[in-house]
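Since the structure comes first, as structure tokens, the remarks are kept for the end.
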Amino acid sequence: MKKLFTSFCCSVLVLAACNTGVKTETSGTDTGTAVVANNSEESKEERNKQTAMESVRAITNKNADEALKNATADAVDYFDGSGPATKGLDSIKAGMKMWLSNVDNYKGDNLEAVADGNKVMVYGDWSGSFKNDFMGMKSAGKSFKVKDVDIFTFNDNGKITEHRSVQSMAGMIATMKGPGK
């Protein structure tokens, strides 16, 4: 009997937890059909995931303007944290355009997005090859492939306020020097 009571209590708790934050509304007609409204936090997360993925796809298409169309004017890009942050949309866009003009065949594969609150993480494999000298270093014309996680922070209006990257820029740039250099 004790096990049955415990199982019943656990079931009630699970059902209560599953229904937290979901509200049910009935339509204006008397059909009795209930429409379940999404939890607003979940819909914001989905909106933000879609925006992050659109931004990442625009980078693959070498379109910095499109990639940053949903960023705030005072956005900050921290990159991988190894250097100074870039502040302001115009500065971020200029840096992105410089990067994209120096990399051929830059693309992301196996991209997936995960949202938690106002953060969205897009992870996957990135590859490309350096076509020009970059930041004073001679290009070896070599290709690179790195794993990356891009972390976007969103405001309540669905605009990107911050970006961070886990990708190792040093490892990618080392491919420009060629093997053993």
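At-a-glance table
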| read-out | value |
| --- | --- |
| Listed residue pairs exceeding 32 Å between alpha carbons, taken from LYS97/LYS142; LYS69/LYS145; LYS119/LYS142; LYS87/LYS147 | LYS119/LYS142 |
| ILE160, ILE92 arranged by Cβ crowding within 10 Å, fewest neighbours leading | ILE92, ILE160 |
| Amide H partners (placed H, <5 Å) of LYS142, local residues excluded | PHE130 |
| Cα shape, the stretch 39-177, gyration tensor, a/c 1.5 rule | prolate |
| Karplus 3J(HN,Hα) series, Hz, for the stretch 61-78 with 6.51 cos²θ - 1.76 cosθ + 1.60 (x for Gly, Pro) | 8, 6, 10, 5, 4, 5, 4, 10, 5, 10, 9, 6, 4, 9, 4, 10, 10, 8 |
| Kirkwood Rh, angstrom, the stretch 56-120 [1 / mean 1/r, Cα pairs] | 13.0 Å |
| Amide proton proximity set for GLN167, modelled H, under 5 Å, gap of 5+ | VAL149 |
| Calculated FRET efficiency for the pair ASP80/GLN50, C-beta based, R₀ 22 Å, to 0.05 | 0.35 |
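Taken together, the values in this text are just the output of simple stated rules run on the coordinates, not laboratory data. Since this is a predicted model, take the numbers as computed values, not measurements. Neighbour counts run over all protein chains shown; Cβ positions are idealised from the backbone, glycine included.
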